[in-house]
Amino acid sequence: MTKQLELERPRLLTEVVGERIREAIVKGDLKLGEQVSEAQLAALMGVSKTPVREALVRLQGQGLVQIHPQRGTFVFRLSPEEVTHLCRFRVMVETEALRGAMASEPARLLKGFKQCVKEMKAAEAAQDLPALARIDMAFHWNTFEACPSQYLRSAYELLRSQLTALRYRSPITNAVTSHQVLVDAIGDGDADTACAMLIEHILENEARYRNACNLT
């Protein structure tokens with residue numbers, strides 16, 4: 001029994017450490033491209049370097065850090081080409097998920113979207129930009145929750161963490177308007193129009209993501 005508890009603690013501690021580092025990256029406390037030190041992070045959180053090292057390896061799998069032997073660990077930062085590829089990948093995955101969700105669970109999809117837009121209105125009124133970023137992520141994830149394809153959900157997970165970090169660094173100022181038109185198209189049951197609007201919405205973000213990465 002004692003050995004089992006001892007084995008469990010490092011795993012849980014790694015998760016806690018990883019979540020704190022992830023939050024620091026996503027919300028901007030750690031800058032894109034910034035080098036991070038295992039020793040400094042361990043000292044700040046009052047833990048040994050082992051859970052920090054393990055957490056960073058996990059975060060690398062989420063695309064949030066890049067580990068270079070002999071050079072160190074750095075918060076991710078996208079090149080201009082990577083920003084373009086990310087947006088194009090979003091177009092492919094999200095439009096397919098949207099068509100799937102509209103075909104299989106349109107009521108669930110529309111209910112989730114309407115709730116997000118309602119929350120966006122409140123966040124816009126309060127000028128709560130971090131909340132807008134969080135709700136924006138929830139809006140798009142709602143598509144995958146209503147989509148029957150687990151493969152599309154898994155594909156989106158590949159870029160979800162990076163997208164979250166980029167959204168926090170490039171808040172959208174007309175969130176309600178840009179999302180409401182998509183909700184209206186879905187309410188009309190027009191998948192082609194909804195997908196066209198979604199593509200336009202995604203591609204409009206490319207310039208904002210470039211700015212977030214200091215590429216312009």
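Let me check I've understood the local charge: for C195, count other residues with C-beta under 11 angstrom from its C-beta, Lys and Arg +1, Asp and Glu -1. What total comes out?
After counting each charged neighbour, the total is -4.
Just reorder H85, H201 by solvent-accessible area, largest first, 1.4 Å probe, all chains present.
If we order H85, H201 from most to least accessible, we get H85, H201.
Before anything else, pin down the relative contact order of the chain: Cα pairs under 8 Å, at least 6 apart, normalised by residue count, whole percent.
25 percent
Quick one: length gained pulling Q66 to E19 fully straight, 0.36 nm per residue minus the C-alpha distance?
Contour length minus Cα-Cα distance gives 15.3 nm.
Starting from the Kirkwood Rh over alpha-carbon pairs, what translational D in µm² s⁻¹ does segment 58-119 have by Stokes-Einstein at 20 °C and 1.002 mPa s?
145 µm²/s
What number of lysine-lysine pairs in segment 1-125 show an alpha-carbon separation below 22 angstrom, given a sequence spacing of 8 or more or placement on distinct chains?
4
Given points 7 Å out from each Cα along the Cα-Cβ axis, report the A39 to E204 separation in nanometres with one decimal.
Once both label points are built, they end up 4.8 nm from each other.
Within segment 61-216, what whole-number % of the accessible surface is contributed by carbon and sulfur, with the 1.4 Å probe and all protein chains included in the calculation?
52 percent
Per residue, how large is the accessible surface of the chain? Use a 1.4 angstrom probe and give square angstrom.
Value returned for the chain: 54 Å² of accessible area per residue.
At q = 0.09, 0.12, 0.17, 0.18 Å⁻¹, what is the base-10 log of I(q)/I(0) for the chain according to the Debye formula with one equal point scatterer per Cα and no solvent? Please give it to two decimals.
Relative scattering, expressed as log10 I(q)/I(0), comes to -0.42, -0.71, -1.18, -1.26.
Filter the DSSP H helices in the chain by two things, a Kyte-Doolittle mean of at least -1.0 and an axial alpha-carbon span of 30 angstrom or more, and list the hits by number.
Those that clear 30 Å and a mean of -1.0 are 2-26, 80-104, 191-212.
The values are calculated or read from the model by the stated rules, or taken from the named source; none is laboratory data. These numbers come from a predicted model, not from an experiment. When we count neighbours, we look across all protein chains shown, and the Cβ atoms used for this are built from the backbone with ideal geometry, even at glycine. Surface accessibility is based on the protein's heavy atoms, side chains included, excluding ligands, DNA and RNA. Shrake-Rupley method; radii C 1.70, N 1.55, O 1.52, S 1.80 Å.
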